[in-house]
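A.B. asks: Can you keep this structure in mind? I'll have questions shortly.
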Amino acid sequence: MTLYGTPEAAIKTGPTYGSKVKIDLGTKMGQSWNNVSYRIPQVNEYFTLNDGWTIDYVSVAGNSSGKRQPGTSFLLGMSGGSMVYYFKKTAPSTVTYTLSYDASSGYNAPTAQIGKSATGSYKFTISTQRPMRDGYVFKGWSTSSDANRVDYEPDDTIIMDGSKTLYAVWERTPVTANYTVKWIDENSKPIKADETRSGNIGKTVSANDHDKRVLDYTYERSKSIESAVLKNGGTVLILCFTKNKPNLNIMKTQIRRPLK
């Protein structure tokens with residue numbers, strides 16, 4: 001029995017003759033092949049199919065012609081026979097993709113979104129529902145469970161080739177508190193009225209340059225508390241000053257009277 005043709009080459013470039021490969025079976029001189037049972041080879045005994053193709057059926061011509069599947073047998077007659085392998089495109093497999101949301105210690109995360117596709121990927125539009133967390137402001141979504149950077153904003157699109165979880169990114173809400181600024185002299189006596197100001201708790205509050213200038217006084221930096229980390233109540237900045245001494249020469253000049 002002789003196998004004619006080169007089905008291997010066909011598979012390298014895809015099924016030939018449209019969607020089939022023909023293999024001719026001949027007769028061997030001096031031997032009778034009448035009603036000999038011949039097993040149809042499996043596809044992988046000859047070649048490997050390209051992605052996206054599968055065997056449909058094998059059409060055989062012999063003493064028992066008809067449609068067969070690889071691995072079955074038919075009767076080969078004296079005149080030989082033939083097998084025609086028919087191939088078909090495989091139906092793309094549908095994959096389910098899930099986009100999940102993790103509120104990262106918050107609550108009110110969007111419900112997971114589910115999509116199906118046979119193209120190898122799926123495009124989601126990120127939910128516009130915003131999670132919540134007491135004392136924090138929602139900044140966006142991260143692909144990292146560390147949730148320290150924003151990769152996507154609500155209503156952005158994301159193309160996924162597998163299921164994915166997005167994690168909420170948070171920023172602590174600034175909390176304000178009042179603090180007091182005092183101006184005192186070397187005797188700890190006030191030299192101007194106290195002022196009440198506000199700032200963010202945990203941040204440093206400082207006196208400004210204008211605060212450090214008082215008429216007839218010299219600012220004493222080493223004795224002052226001109227900055228502090230603001231706490232929730234009780235923070236005081238104390239600016240210390242020394243009273244300037246009068247200039248006696250100027251005073252003497254001012255009291256002189258012209259001679260008459």
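Bear in mind that the values in this text are calculations on the coordinates, not laboratory data. Just so you know, these numbers come straight off a predicted model, no measurement behind them. We place every Cβ from the backbone using ideal geometry, glycine too, and count neighbours over all the protein chains shown.
A.B. asks: Apply the Karplus curve 6.51 cos²θ - 1.76 cosθ + 1.60, θ = phi - 60°, to the phi angles in region 93-101 and return the couplings in whole Hz, x for Gly and Pro.
C.D. replies: 6, 8, 10, 9, 10, 10, 10, 9, 10
A.B. asks: Straight-line reach only, C-alpha to C-alpha below 18 angstrom: list the aspartates and glutamates that residue 212 could link to, leaving out same-chain residues fewer than 8 apart.
C.D. replies: Counting by Cα, and skipping residues close in sequence, residue 212 has these aspartates and glutamates nearby: 185, 186, 194, 195, 220, 226.
A.B. asks: What's the local net charge at residue 177, with K and R +1, D and E -1, over the other residues with C-beta under 11 Å away? Write down the numbers at each step before the final one.
C.D. replies: Values: positive: 197, 203, 231; negative: none.
Summing Lys and Arg as +1 and Asp and Glu as -1 gives +3.
A.B. asks: Sorting check: for 164-171, 232-239, 215-222, 99-106, which peptide has the highest mean count of neighbouring beta carbons within 10 Å, and how do the rest follow? Provide the component values of the computation, followed by the final result.
C.D. replies: Working: 164-171: 18.6, 232-239: 14.8, 215-222: 12.1, 99-106: 17.1.
My ranking of the peptides, most packed first, is 164-171, 99-106, 232-239, 215-222.
A.B. asks: Given H placed 1.01 Å from N in the peptide plane, which residues other than close sequence neighbours of residue 192 have an amide H under 5 Å from its amide H?
C.D. replies: 183
A.B. asks: Which pairs break 27 Å Cα to Cα here: 192/223; 89/164; 182/243? All intermediate terms of the calculation are to be shown ahead of the outcome.
C.D. replies: Details: 192/223 17 Å; 89/164 30 Å; 182/243 16 Å.
Table pairs above 27 Å Cα-Cα are 89/164.
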